Structures are given as C-alpha cells and as structure tokens.
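Novice: Quick one: the structure is below, questions incoming.
The values are calculated or read from the model by the stated rules, or taken from the named source; none is laboratory data. Bear in mind that the values here come from a model prediction, so they are computed numbers and not experimental data. Neighbour counts run over all protein chains shown; Cβ positions are idealised from the backbone, glycine included. Each accessible area value is taken on the protein alone, full model and side chains, heavy atoms only, with ligands, DNA and RNA left out. Shrake-Rupley method; radii C 1.70, N 1.55, O 1.52, S 1.80 Å.
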Amino acid sequence: MCTTCGCGSNEVLIRGRRHAGKADAHVRFRPHAAEAAARNGEATRVIRLEQDILARNNSVADQNRLLFSANGVLALNLVSSPGSGKTTLLVRTLEALKGKFPLAVIEGDQQTDNDAERIRATGIEAIQINTGKGCHLDAQMIERALPQMALPQNGMLFIENVGNLVCPAAFDLGEAAKVVVLSVTEGEDKPLKYPDMFRAARLMLMNKCDLLPYLAFDVALAEEYARRVNPDIRIIRISATGGEGMAEWLAWLAAEQQICA
Amino acid sequence: MHEMSLAESALQIIKDAAHTQGFKRVKKVWLEIGQLSCVEKEAMRFCFDTVVKDSIADGAQLEIIETAGQGRCTHCGSETRIATLYEACPQCGSYGMQVIAGDAMRVKELEVE
C-alpha cells in the first residue's frame, strides 16, 4: 500500500511491471499552513458536489467499451469465488474456440503469474494483472493493460477477475457482460449471500456438474435463488472437465460475439 | 475490501474539487451511501480514515447519510421499500424488484476552509 495516502495503486503490476502513478496523485498536505490560514480568519464554507464515487471508473469503462466495440471484440468479465474452476473452464473454452475466433485473456490475481501461464500453455495470449492487496480489477487497470496486447479483432477477450464474489461486482470494466461461475461444491445460497454479483451478471455457469452424484447440492434451489436476485439471468449447467454444457456455453459465446462484430 | 478503492475515489473527487474550487482543508465530508449499494458503512469509515491520512482531508469528520432502498415490481408495478436485492413484491409475491433508489454512492457535500 502507498505510504503517502494509503492507496494501493503502486502495488498493481501489469506483466510484472509496476505502473507509475500520476505525479500529482500524492500531494502532501501541510496542516500548519491551513491552520495559519484559519487563524487569519479564513471562514469555512460548505460546497455541494453530488458526485458519484464510481464516476471515474465508469467513464474509463465506457472508453474501454468503445474500444472493444470499434474492434468487434466481445469482452467478458468472469467472476466467481476462488476455486470455482474459472481458469480450468477458460482453458477448455480457449481450446474449443482456438482457430475459430481471435482470442485473448487478461488474468487478474493478487499475486503470481500462474493463471496466465496456464492460459499461455493453450497458445493464447494472456496478460497478467497483479492487484497486490487489491481485491478486484478496475477499469483503469484494463485501460493500462490493453495497449500491451493485440486486441482480438472480431473475436473474444476474456477478463478473469480476482476470485471474489463481493468486490468485483461494483466495478464496470467495459465488458459486454459479467459471467458468474458458481460451482456445485459451494453452497446453494451463494446468490442470496452475495446478491450484488448475481444481480450484476448476465450469465451464470453452474460448474463442476460432473460431481453432482457425490454431493447434496440442490441445483434447482441454487437456480431459484439466482433468479430471485436476478430474474433475467441465464443459467447453464456445465462441467469444464466432463464437457457437459460446453456446447451450450460455446453457442452463447458465438451468439454474443455476433452481436459485437 | 473494495471500500478501500471507493474511499480512494472519494478522496480523488475531493482533491479535484480542491483544485477547481480553491480550498485548502476539508473539515467534514458527507457521503451518501444507499442501503442497496455494495458498501459496508463501517468498512467505509475505516478505509476513509486510512486513505485521507496526510491529505487535504486528513482528520476530516465523515458523515454517512444512508438512503433507503426503493424497488418497483417488474410484474405489477407497485413501488415499495426494500432492504435486500432478493425481496419478493409485497403486493403480488413475484421476485425481481427493479431498484429505483438506494443504490447510490456519492460525495454529497464538503465543509472546507
């Protein structure tokens, strides 16, 4: 964390390199000067701002979205808890789509390049963003990563967010849709416990369905809970390792890409 | 804890305002936090106090104004107060209340000198 103002911006690494913050980002306040001004009779006043805290993130996200749209890129923001099988699902998806669409991946994790390495093993370009102590990707991180990669024109960009069902919900990255992965080894009530994320997602992939015979997980109940939070959410039951539901997911991707092209 | 990033964004809004409106010190900050926004009030207080250290808003008093959640039923159209995103409509019992208020996160006002 930045020792001047407490922000985490100097911990973000893109391809292992630190991003230089703006020079004016950490102007040190000199309290004595202000106290002196107050003593000299400078009156206090109230000013009205009414500014959305997320406005800056959202405006950068809009710029990212424009760039994706100008290049016919379907950008998806993949979100889930840690361990839901996002990376395995992504690897299988890339293997299936390779040669059919231009593809690229942005990987978000607090530390390590492990996930990007797993993606690169498929032959697809992957950029790793390490957020340091940060718990989510934001639009500016994506904006800074994009010039370092070849945009998959008329193809797909998968952004794998930090494994976290809370924080990434609020941050628009410029994606066409958030895709939430819920694995059947988790609780059915995750959509009720983390409603913001399930509300923000357009598609839910219920992963690891090959394990259902060994679990007490109630699929219908999990789907009902997801629809309570988001009646319009599309749900696909899938198994990245067993292959169940992959065809439906790939068809959804192709249809969404058509809309962006 | 995304409240840290949100507190940083709030501080950036304050710094931008200091630049355009020419004040040197912030004594009080009013934040509007909707009940249905994804912000935990106490986490926001902790993060705000941390990120403003050594900044123009160091030591500023934080006032959080909580606004109630308001939803409109997508089936019957009735409007009601809601405390969560998964409440059923009290009129017709269907799920899928559209949020019409109470999801905002805003820097409302500053007391400055």
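Novice: Using 20 Å as the Cα-Cα cut-off, could you pick out the over-long pairs in A:Lys86/A:Lys190; A:Lys178/B:Lys108; A:Lys133/A:Lys208; B:Lys24/B:Lys108?
Specialist: Those over the limit are A:Lys178/B:Lys108; A:Lys133/A:Lys208.
Novice: How high is the relative contact order of segment A:56-260, given as a whole-number percent (alpha carbon pairs under 8 Å, six or more residues apart)?
Specialist: RCO, segment A:56-260: 26 percent.
Novice: If you don't mind, another one. Put simply, what bits of segment B:1-31 lose 30 Å² or more of accessible area when the other protein chains are there, versus the chain on its own (1.4 Å probe)?
Specialist: The answer is B:Met1, B:His2, B:Ser5, B:Leu6, B:Glu8, B:Gln12, B:Ile13, B:Lys15, B:Gln21, B:Lys24, B:Arg25.
Novice: Please list, ordered by chain and number, the residues whose modelled amide H lies under 5 Å from the amide H of A:Ser183; skip anything fewer than 5 residues away on the same chain.
Specialist: Amide H neighbours of A:Ser183, under 5 Å, 5+ apart: A:Asn207.
Novice: When only C-alpha pairs under 8 Å and at least 6 residues apart count, what is the relative contact order of segment A:179-261, in percent?
Specialist: Averaging sequence separation for qualifying contacts and normalising by length gives 31 percent for segment A:179-261.
Novice: Can you tell me how the protein assembly as shown classifies by the Cα gyration tensor, rounded, prolate or oblate, using a/c under 1.5 as the rounded cut?
Specialist: oblate
Novice: For n ≥ 4 DSSP H runs only, could you compute -39500 (n - 2.57) per run for chain B, divide by its residues and tell me the 222 nm figure to the nearest 500?
Specialist: Using -39500 (n - 2.57) per qualifying helix, the result is -8500 deg cm²/dmol.
Novice: May I ask you to give the percent of accessible area on the protein assembly as shown that is carbon plus sulfur, with a probe radius of 1.4 Å?
Specialist: The nonpolar share, carbon plus sulfur, comes to 49 percent.
Novice: For chain A, what is the calculated [θ] at 222 nm in deg cm²/dmol (nearest 500), taking -39500 (n - 2.57) for each run of four or more DSSP H residues and dividing by its residue count?
Specialist: It comes out at -9500 deg cm²/dmol, rounded to the nearest 500.
Novice: Between A and B, buried accessible area summed over both sides at probe 1.4 Å, in Å² to the nearest 100?
Specialist: Summing both sides, the interface buries roughly 3900 Å².
Novice: Using only the Cα atoms of segment B:13-64, build the gyration tensor, take square roots of its eigenvalues as a ≥ b ≥ c, and label the shape rounded, prolate or oblate: rounded if a/c is under 1.5, else prolate if a/b is larger than b/c, else oblate.
Specialist: Judged from the Cα gyration tensor, segment B:13-64 comes out prolate (a/c at least 1.5, a/b above b/c).
Novice: Enumerate the residues in segment B:2-38 having an amide nitrogen under 14 Å from the point lying 7 Å beyond the Cα of B:Ile65 toward its Cβ.
Specialist: Output list for this probe position: B:29-35.
Novice: Counting only DSSP beta bridges with both residues in the protein assembly as shown, tell me the antiparallel percent, nearest 5.
Specialist: Beta bridges within the protein assembly as shown, antiparallel portion: roughly 40 percent.
Novice: In terms of modelled amide H atoms, which long-range or inter-chain residues lie less than 5 Å from the amide H of A:Leu137?
Specialist: Placed amide hydrogens put A:Val162 under 5 Å from A:Leu137.
Novice: Report, as an integer, the average count of C-beta atoms from other chains found within 10 Å of each Cβ along A:185-198.
Specialist: That works out to 1 on average.
Novice: Right, here's the next one. Among A:Pro102, A:Val184, A:Gln148, pick out the residue whose Cα is farthest towards the positive end of the charge dipole of the protein assembly as shown, where Lys and Arg carry +1 and Asp and Glu carry -1 on C-beta, about the Cα centre.
Specialist: Farthest towards the positive pole: A:Gln148.
Novice: Separate question: R0 = 35 Å: FRET efficiency of A:Val219 with B:Val99, Cβ-based, nearest 0.05?
Specialist: The computed FRET efficiency comes out at 0.80.
Novice: Another question, if that's okay. Per the Cauchy relation, a quarter of the hull surface: what is the mean projected area of the convex hull of the alpha carbons in segment B:3-112, in nm²?
Specialist: Result: a mean projected hull area of 7.2 nm².
Novice: Moving on. Using only atoms on other chains, find how many Cβ atoms lie within 10 Å of each Cβ of peptide B:40-50 and report the average.
Specialist: Averaged over the peptide's residues, the number is 1.
Novice: If you check each cysteine of chain B for another cysteine whose beta-carbon is under 4.7 Å away, which ones come up empty?
Specialist: Lone cysteines by the Cβ rule: B:Cys38, B:Cys47.
Novice: When you look at the Cβ of every residue in B:105-113, what mean number of other chain Cβ atoms sits within 10 Å?
Specialist: What the average comes to for B:105-113 is 6.
Novice: In square angstrom, what is the accessible area per residue of chain A with a 1.4 angstrom probe?
Specialist: With all protein chains present, chain A gives 44 Å² per residue.
Novice: Each label point is 7 Å from the Cα along the Cα-to-Cβ direction; what then is the distance between the points at B:Thr20 and A:Lys193, in nm?
Specialist: 4.2 nm
Novice: For segment A:56-260, count all C-alpha to C-alpha pairs, find those more than 28 Å apart, and express that count as a whole percent of the total.
Specialist: For segment A:56-260, the share of Cα pairs beyond 28 Å comes to 20 percent.
Novice: Given a Förster distance of 45 Å, report the FRET efficiency between A:Glu244 and B:Asp58 from their Cβ-Cβ distance, rounded to the nearest 0.05.
Specialist: Efficiency for this residue pair is about 0.20.
Novice: Also: For B:Tyr86, what accessible surface area do you get with a 1.4 Å probe? Give it in Å², rounded to 10.
Specialist: Approximately 70 Å² of B:Tyr86 is accessible to the 1.4 Å probe.
Novice: Another question, then. Rounded to the nearest 0.05, what FRET efficiency do A:Asp232 and A:Val46 have when you use their Cβ-Cβ distance and R0 = 56 Å?
Specialist: Plugging the Cβ-Cβ distance into 1/(1 + (r/R0)^6) gives 0.85.
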